[in-house]
Amino acid sequence: MTHLSPIAQRLRITFGKAGPLRYTSNLDMAKIWERVLRRADLPLLYTRGFNTRPRISLAMPLPLGISSECEILDISLRERLDFCEASLRERLLAVSPQGLSIVAITEVDPRSSSMQSRISSAEYRIRFHDALERASLQRKIDELLCQETIIVERRRRRKRSVMDVRPLILSLEIGEQADLLAHLSVGDRGNLRPDHLLELLDLDGAHNSIHRSRLHMLAE
């Protein structure tokens, strides 16, 4: 039986993705963070066994093409750091690729539950590059939200299923700049992607850019 070394410290990094990094998959993003943390010479804690990996964890996959300011990474350290947030941010950014920003770094309890099990929803800002009539957009929102059920068909690994996605739309409204502000369920309790929301609104053909602005977590 393999015994894991105790975690001396766990740090949570809130970061952003922009520019070319928007098209980086979750797996590749984890590899990028591995390189950044190694180059910054942090005392990472590694798994044991034949193929050791640093014990880092990304909170919630971000669909390709979407920028963000609220992604979350937990890292486990084998030694404690008496860190200053500003200096550690500067240390990490010095070895980070273009498009990666660091919003905050905090210390969290090493015994806390996994982020994946606690994230419940996400907020998105969808900007339309071709002007849409505000009244027309509001009408589409109202028509969608007034439906008691919204049944969609999904296929995964050659399996077909149907589900009601109406409970996954927590709120929809128009922002000050005529952006669509969407609060959608994510995670194990149900997941609705913003591009799928646009299909439901019959707006998937409209030229747009999508930004994830906030992740909501359940209390422990």
Tell me which residues, restricted to segment 120-152, are closer than 16 Å to His183 by Cα and either of a type in the set (Gly, Ala, Ser) or not assigned by TED's automatic domain parsing to the domain that holds Leu197 (or both).
Ser120, Ser121, Ala122
Are there any pairs, at least 6 apart or on different chains, whose C-beta atoms fall under 8 Å, with the first in segment 119-137 and surrounded by fewer than 19 Cβ atoms within 10 Å (Cβ to Cβ) and of a type in the set (S, T, N, Q) and the second in a loop (DSSP other than H, G, I, E, B) and at pLDDT below 95, and if so, which?
Ser120/Val186; Ser120/Gly187; Ser120/Arg189; Ser120/Leu218
Name the residues in segment 71-89 that are assigned to a loop (DSSP other than H, G, I, E, B), within 18 Å of Arg55 (Cβ to Cβ) and not hydrophobic (A, V, I, L, M, F, W, C), would you?
Arg78, Glu79, Arg80
Among the listed residues Glu69, Glu90, identify the single one that is closer than 26 Å to Ser117 by Cα and at pLDDT 95 or above.
Glu69
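Hey, can you tell me all the residues within segment 200-212 that are surrounded by fewer than 14 Cβ atoms within 10 Å (Cβ to Cβ) and either part of a strand (DSSP E or B) or free of Cβ contacts under 8 Å to residues at least 60 places away in the same chain (or both)? Spell out the reasoning first.
Of all residues in segment 200-212, those surrounded by fewer than 14 Cβ atoms within 10 Å (Cβ to Cβ) come to 202, 204-205, 207.
Those that are surrounded by fewer than 14 Cβ atoms within 10 Å (Cβ to Cβ) and either part of a strand (DSSP E or B) or free of Cβ contacts under 8 Å to residues at least 60 places away in the same chain (or both): Asp204, Gly205.
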Somewhere in segment 73-86, is a residue touching a helix residue (DSSP H, G or I) at 6+ places or on another chain (Cβ under 6 Å) and over 14 Å from Ala30 (Cβ atoms)?
no
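The values are calculated or read from the model by the stated rules, or taken from the named source; none is laboratory data. The structure presented is a predicted model; accordingly, all values stated were derived computationally and were not measured. Because the Cβ atoms are built from the backbone with ideal geometry, glycine has one as well, and the counts that use them run over all protein chains shown.
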